[in-house]
Amino acid sequence: MELETKKARRAIFPGSFDPLTNGHLDIIKRSLPLFDEIVIAVLNNPDKKPMFSVEERLDMIGEIAAEMQTGACCLVVESFSGLTADFASRKQATAIVRGIRAVADYEYELRMALMNRRLEPGIETVFLVAAEEFSYVSSSLIKQVFTLGGRVEGLVPELVEAKMREKLNN
Ligand code: PNS
């Protein structure tokens, strides 16, 4: 009897990642054992004025991802424009991974998950709970604190901190 070929379990992890925080990294690490491939999907949003361009974010995340122990999971970094559900469908993903830090995240995430399910009924949103130590960490808070001279070590990867310092000094 012929063995059935197992379908790869591909997930996308969409976000702005401006910049990637250790909270994001924590969610990526937690999702590695659950999927065969994870696409870290960086949203290209022309309406926002980001600290880092999409290209800079792709480079930074790519460098960080290349140094991660990913086990059997393949980690890919890509940018996308438009709807997350469309991108997930184009990638033939079966899941959209999102991190939940606190109850406050839930309402917004629930609305997005329900809308994405309406748009793409075959794709499930998988919520992963971030480590407590990162439950208050967000990219916007990191940018604000750093720009005003506060310390952010331990909250973002060292590479991100170095690139933020470069930005501030330019
Ligand atoms: O890191 P963020 O900013 O919390 O990520 C939010 C993101 C990118 C996942 C969300 O804004 C999104 O999916 N944007 C793409 C446009 C879209 O699909 N909008 C409808 C969402 S239901």
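Couple of notes before you dig in:
- The Cα atoms of the chain cover 64, 33, 32 Å along the three principal axes, with the biggest extent listed first.
- Spatially proximal aspartates and glutamates relative to K49 (Cα-Cα < 12 Å; intrachain offsets below 8 disregarded): D18
- For D47, D18, the ranking by accessible surface with the largest value first comes to D47, D18, using a 1.4 Å probe.
- Proximal lysines to K29, defined as alpha-carbon separation beneath 16 angstrom and excluding residues fewer than eight positions away on the same chain: none
- Residues whose placed amide H lies under 5 Å from that of L128, excluding near-sequence neighbours: R98, G99, I100
- Annotation note: trypsin sites (Lys or Arg not before Pro) in the stretch 28-105 located in DSSP loop regions with a Cβ neighbour count of at most 16 within 10 Å are K48.
- Debye, to nearest 20: dipole size of the stretch 27-124, +1 on Lys, Arg Cβ, -1 on Asp, Glu Cβ: 340 debye
- Across the chain, Cα pairs under 8 Å and at least six residues apart give a relative contact order of 28 percent.
- By accessible area with a 1.4 Å probe, ligands and nucleic acids excluded, highest first: order of R111, R117: R111, R117
- Solvent-accessible area assigned to carbon and sulfur over the chain amounts to 52 percent, based on a 1.4 Å probe.
- Working note: 222 nm ellipticity from helices only, DSSP H runs with n ≥ 4, each -39,500 (n - 2.57), summed and divided by the residues of the chain, gives -12000 deg cm²/dmol to the nearest 500.
- Taking the Cα centre of the chain as origin and assigning +1 to Lys and Arg Cβ atoms and -1 to Asp and Glu Cβ atoms, the resulting dipole is close to 380 debye.
- Net charge, E120 excluded, C-beta distance under 12 Å - Lys, Arg +1, Asp, Glu -1: +2
- Scanning the chain for GluC sites (Glu not before Pro) in DSSP loops with at most 12 neighbouring Cβ atoms within 10 Å leaves 68-170 as the longest stretch between them.
- All C-alpha pair distances within the stretch 54-137, sorted into 10 Å bins from zero, spread as 15, 36, 43, 6 percent across the bins.
- Set of lysines with alpha-carbon distance to K48 below 27 Å, sequence-local pairs under 8 removed: K91, K143, K163, K167
- Sum of side-chain charges, R98 neighbourhood, beta-carbon under 9 Å (Lys, Arg +1; Asp, Glu -1): -2
The values are calculated or read from the model by the stated rules, or taken from the named source; none is laboratory data. None of the values given here were measured: they were computed from a predicted structure. Using ideal geometry, Cβ is built from the backbone for each residue, glycine included, and neighbour counts are taken over all protein chains shown. With ligands, DNA and RNA removed, areas are computed over all heavy atoms of the protein, side chains included. Shrake-Rupley method; radii C 1.70, N 1.55, O 1.52, S 1.80 Å.
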